Amino acid sequence: MIRAILIHPDPRLKKPCDPVAEVTSEITELARDMLETMYDAPGIGLAAPQVGAMKRVIVMDCIKDAPPEPMVLLNPQVIWSSEDQSTYDEGCLSIPDQYAEVKRPASVKVRWMDLDGATQERQFDGLWATCVQHEIDHLDGKLFIDYLGPLKRQMITRKMEKLKRERARA
Ligand code: K2U
Ligand code: ZN
């Protein structure tokens, strides 16, 4: 089912998430709901804390030109980052309609556990490197606005507080 996406500021978006000990039916259901929620948004990535689940689970769909390739990464960790950096105008489903340039390593190697409990390792480049780093940051309670200066971050936070007040009234 589609779950509600939390909007910044929200304490759950700042808390570090708990590792997944084993692949239970609850984890499998969470991953399915996260993929459905991501496609509905639409987005190309989503982290569990964004739907209020404080678990180290992220989903991504590295849509290239091929058919959709939904990925579920449990306990993802970056095990290598390139020296080269790339800059991307990032957004976030928890900070709607706000974009800012963020510089990150251009390529990363990530190790994770998949829904079969198997360990996977893969190098991500381009937009997918940006996306997987953006999602893993979410698991550590870090948002892309944390890379901005204090004034810009505060301006965006104020806009989100206004948006939440308006949504509460609607
Ligand atoms: O985690 C999220 O909030 C979903 C993010 C993931 C993302 C952020 C920045 C750069 C790449 C991915 C996005 O809102 S998904 C929406 C999107 C779609 C296409 C390209 C960039 C972002
Ligand atoms: Zn995000």
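The values are calculated or read from the model by the stated rules, or taken from the named source; none is laboratory data. These figures come from a predicted structure and were not determined experimentally. Here the Cβ positions follow ideal geometry from the backbone for every residue, glycine too, while neighbour counts run over all protein chains shown. To get the accessible areas, we keep the full protein, side chains included, count just its heavy atoms, and leave off ligands, DNA and RNA. Shrake-Rupley method; radii C 1.70, N 1.55, O 1.52, S 1.80 Å.
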Item to complete: Taking only the stretch 36-67 into account, find how many residues are away from ligand 2 (no atom under 15 Å from the Cβ) and under 19 Å from Met1 (Cα atoms).
Response: 5
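Please go through the stretch 92-111 and pick out each residue that is within 16 Å of Leu148 (Cβ to Cβ) and touching a residue at least 24 places away in the same chain (Cβ under 8 Å). First the steps, then the outcome.
So the first thing to find is which residues in the stretch 92-111 are within 16 Å of Leu148 (Cβ to Cβ), and the list is 92, 94-95, 97-104.
Scanning the stretch 92-111 gives Cys92, Ser94, Ile95, Gln98, Ala100, Val102, Lys103, Arg104.
Yes or no, residue by residue, for (1) more than 11 Å from the chain's Cα centre (by Cα); (2) modelled with pLDDT under 95:
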residue	(1), (2)
Asp40	yes, no
Lys55	yes, no
Val59	no, no
Asp65	yes, yes
Pro68	yes, yes
Met71	yes, no
Val78	yes, no
Ser81	yes, no
Ser86	yes, no
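Regarding Met34, is this residue outside any helix (DSSP H, G or I) and surrounded by 11 or more Cβ atoms within 10 Å (Cβ to Cβ)? Give the steps one after another, and end with the answer.
Working: outside any helix (DSSP H, G or I): no; surrounded by 11 or more Cβ atoms within 10 Å (Cβ to Cβ): yes.
Answer is no for this residue.
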Worksheet item: Just wondering, is there one or more residues in the stretch 38-47 that are in contact with a Lys or Arg (Cβ under 6 Å, 6 or more places away or on another chain) and either assigned to a strand (DSSP E or B) or open to solvent by less than 80 Å² (accessible area, probe 1.4 Å) (or both)?
Response: no
